[in-house]
Amino acid sequence: ALSVISQHMAGGHGSNAARRPFANNNAVLIFLLIGAVVTQFLILSPSLTVYFRELSPAAWTIVVGDDGQNRVLKPPYRILQVGAPRTGSTFQFQLLDAIVSLKNPSGAPDGTSTFLNPEEWRAAPIIDAIAENRSFTIKTHFDHPVFREFQDRNFLSVFASSPDVAPYAIYSQERERLVECPLCEVDRYQPIFGLSNDEVAMLKEHMDLYSSIRMCCGEQMSKYEILRLNGCDVEQYKDLPDYPRCEQKDLEDIERRFAASPVPFHANNPEVNWAKPGDCARFGAEIASGKGFNGRPLTSCEIHGKFAGADLTMKGGDASRLQFRKGGFLSFSPWLKDYIKFHNSALNARGKLKDGYPYLIYQCKDGMVCGGLGARIIGMIKALYLAMMTGRVLLIDSTYPLPLETVLKPNFIAWNTPIPENSTDVFDDMNFFPPFKNRTDTTGYRLLRTTGSKAAHLSEILQYPLMKNLKSLDMTKEARERKLLVPTAFQDAFWALFEFNEEVLDRANELRDGAGLLRAEPESEAPSSNGTKISYLPYIGLHHRHGDRAMIPVGNSKFRARYVRKYYTHQCYNVVKDNWPFEGNGTDIEAYVASDDLITKEKMNRCDPSIHYYKDVEIFHIDKSARNTTGWATNPLIKIRRGVLDMMAEVAVLVDSHCLVMSTSMFSFLAYYIRGSEGQCNVHAKMCHRRVIGIKPRIYAYEPLYSKISDLTFKKKREDFKRYLERERKMQAMYL
């Protein structure tokens, strides 16, 4: 229908004689439009009345007692558990699931699920299970008006882990009572389900074992146990009522007894939660390696609210994202730590390079084509790994269009050491044809170019045979391979080389203030230059690439390959909000959008006022916007400085967001690589689905001149990871 309409609006199709004016086809067009709207309504928005007419109510038995009437649930059991994270929602869900499995004549419910997106309530398993008269137990972290409608019509029963999340629930758990006496909760379900005394005793034994496993095993174990396993002092917490005392329990015996329990247990997401005997030891070793809740890096022995270590679910901005590696030397790969020590040993007391040390210079000077911001920084990181492989001291001589120190300053590596005199030798060693050479006959030289169609990708450099000499035998094979993935290797190298300049941090705060992002209480702060701390409420960082608008004249659509429709960006924003992976409800979360097109930002803001942008931002390309067609810088210096500062400040705003929605652009991926994949929420706008929203690592592969983006964590991530490495090895063999 839309195709026919567009043809009529263009004046018809076929020969000129067959074309008819648009006005003569009003009846046809109106019919087509009505048909399209009705079709979409029937397909995408079926009426609740249709569902209600087809669904049968749940079974209830009315029991009259001294204090009135009580409803007793009977099969089929249609249970929906609603609760915010870390409120005892999992305990309540597991208890309900155990009751349903014990009481349901057909055994385990077919529709059991651990999560339901409220925007997908029409989909299986709810509608199908109700229509087929099956039992189910479903958990969700969000409330939805339709849930109350379904309960009012006796289609299902809602249970809540706290009174405020779903006030209409037939039973609301109270966390204080749960902490004081978890097993007492079983008694409170006895009249609701008509449990016998024997069933109550059986459930109490089952849930007692489960409570120990829940608190002492898995990536969501007790925050106190996380600290204890990481060697932190937990003496101050041992008298608290919710301290689990895991160190006093025989977890192996508890696992065996729980696995043999007559009450069925339905394991889900075994990568995060306990599933079988032996998992307690596995998760204990994993957490003890420096991990926190849900596998996040544990950066301190402090407790922030409901979480141990760094609080990644904060009410305000997370300073650790913008200063991630301050004091984080121990988290670097062994070969990077060795190189930092080597680089520091090569400098004398005055900060100059000692005689005899070989060196390598990354250069970007006026008149050179260095690429955009992302291409430049990834070029510097490629130069770092080349220097590591060849045993050279990396120096950076980047002065175009401004000195690099304007926005980035040295962190662990003094790359701004004065360049030795007479450093005139230049080699095209980043060109993969032929492969790298260890130029033992040259003390120091400059790299010709690190970007371009012939330049080696970072993924290729990381798989280069010379990197084998840098791999530590103390690491497992999987740990070595993960450290050599592009996101991890990039993040390690960036924070070893750089930290954001104070002026960039201040400008990033100005952008957030000017866009209207709200500041939070000063319990979690974003860094600034004058020693004061500024904090912001959680927000989602959006980057929308409209095209190469900053590089080519407006109206020229020659370079559109990296264009991402704003529909995808906006849709992904809503998916992230609906599936907010952090503490609290995502419905109130707002966004900051960075884009190379002001009109796009205005349209997204008009469409959704919760998407903010700062109007007075210079849309700037660090390579193209500063020069004319001759290749030399000609724009006013004040305009160049403003553009470079705004560009890096927007990167910092995206890095500091709670969740990052990316487009097909190195600008997006620069923010993604800097913030890292471990313990962060990152998603590409075109690969956005509720199942990929979360804080588990999303390993995306994208570099300049890549034709497409690969998500190495989407399905069968281990197999995809192996295929990825094998593909890189084949490319390496081809080049050699």
For this session: Looking only at segment 166-177, count how many residues are touching a residue at least 60 places away in the same chain (Cβ under 8 Å) and surrounded by 19 or more Cβ atoms within 10 Å (Cβ to Cβ).
Result: 3
Exercise. Would you pick out the residues in segment 420-444 that are open to solvent by 50 Å² or more (accessible area, probe 1.4 Å), of a type in the set (A, V, I, L, M, F, W, C) and either more than 14 Å from Tyr362 (Cα to Cα) or in contact with a Gly (Cβ under 9 Å, 6 or more places away or on another chain) (or both)?
Worked result: Phe433
Problem set entry | Scope segment 635-646; condition within 27 Å of the chain's Cα centre (by Cα) and either closer than 11 Å to Leu402 by Cβ or open to solvent by 80 Å² or more (accessible area, probe 1.4 Å) (or both); matching residues | Val644, Leu645
Seminar exercise, completed: Sole miss for Thr664 among (1) part of a loop (DSSP other than H, G, I, E, B); (2) within 12 Å of the chain's Cα centre (by Cα) is condition (2)
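So in segment 384-416, with the set limited to residues that are in a helix (DSSP H, G or I) and closer than 20 Å to Phe500 by Cα, which one is least open to solvent (accessible area, probe 1.4 Å)?
Start the filter on segment 384-416 by keeping residues that are in a helix (DSSP H, G or I), which leaves 384-390, 404-406.
From what is left, the residues that are closer than 20 Å to Phe500 by Cα are 384, 404-406.
Values: Leu384: 0, Leu404: 19, Glu405: 78, Thr406: 24 Å².
Only one residue fits best here, namely Leu384.
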Exercise. Can you find even one residue in segment 283-302 that is open to solvent by 60 Å² or more (accessible area, probe 1.4 Å) and under 30 Å from Phe136 (Cβ atoms)?
Worked result: no
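When the residues of segment 570-612 are filtered to those that are among the hydroxyl-bearing types (Ser, Thr, Tyr) and more than 12 Å from Tyr539 (Cα to Cα), which remaining residue is surrounded by the most Cβ atoms within 10 Å (Cβ to Cβ)? Outline the logic, then answer.
Within segment 570-612, the first condition is being among the hydroxyl-bearing types (Ser, Thr, Tyr), and the residues that meet it are 573, 587, 592, 595, 600, 610.
Keeping just the survivors that are more than 12 Å from Tyr539 (Cα to Cα) gives 595, 600.
Numbers: Ser595: 25, Thr600: 19.
The extreme case among them is Ser595.
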For this session: Keeping to segment 568-585, report how many residues are assigned to a loop (DSSP other than H, G, I, E, B) and under 14 Å from the mean Cα position of the chain (by Cα).
Result: 4
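Can you name the residue in segment 676-714 that is assigned to a helix (DSSP H, G or I) and at pLDDT 80 or above and is also least open to solvent (accessible area, probe 1.4 Å) among such residues? Lay out the reasoning, then the answer.
Going through segment 676-714, the residues assigned to a helix (DSSP H, G or I) turn out to be 685-687, 690-692.
Within this subset, residues satisfying the condition of being at pLDDT 80 or above are 685-687.
Working: Ala685: 5, Lys686: 115, Met687: 57 Å².
Per the stated criteria, the residue is Ala685.
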Seminar exercise, completed: Reported set for segment 566-588 where residues are out of contact with any Ser or Thr (no Cβ under 7 Å at 6 or more places or on another chain) and within 20 Å of Tyr672 (Cα to Cα) is Tyr568, His570, Gln571, Cys572, Tyr573, Asn574, Val575, Val576, Asn579, Trp580, Pro581
Seminar exercise, completed: Reported set for segment 213-256 where residues are open to solvent by 10 Å² or more (accessible area, probe 1.4 Å), polar (S, T, N, Q) and in contact with a helix residue (DSSP H, G or I) (Cβ under 9 Å, 6 or more places away or on another chain) is Gln220, Asn230
Seminar exercise, completed: Given the conditions (1) assigned to a helix (DSSP H, G or I); (2) modelled with pLDDT of 90 or more; (3) farther than 15 Å from Ser459 by Cα, every one holds for Phe669 apart from (3)
For this session: Considering each of Lys326, Lys315 in turn, give the residue that is under 23 Å from Val486 (Cα atoms), of a type in the set (Lys, Arg), at pLDDT below 85 and open to solvent by 50 Å² or more (accessible area, probe 1.4 Å).
Result: Lys326
Exercise. In segment 163-177, is there at least one residue being part of a helix (DSSP H, G or I) and modelled with pLDDT of 85 or more?
Worked result: yes
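The values are calculated or read from the model by the stated rules, or taken from the named source; none is laboratory data. The model shown is predicted, which means the values in this text are computed figures rather than measured ones. When we count neighbours, we look across all protein chains shown, and the Cβ atoms used for this are built from the backbone with ideal geometry, even at glycine. These area figures cover heavy atoms from the full protein model, side chains too; ligands, DNA and RNA do not enter into them. Shrake-Rupley method; radii C 1.70, N 1.55, O 1.52, S 1.80 Å.
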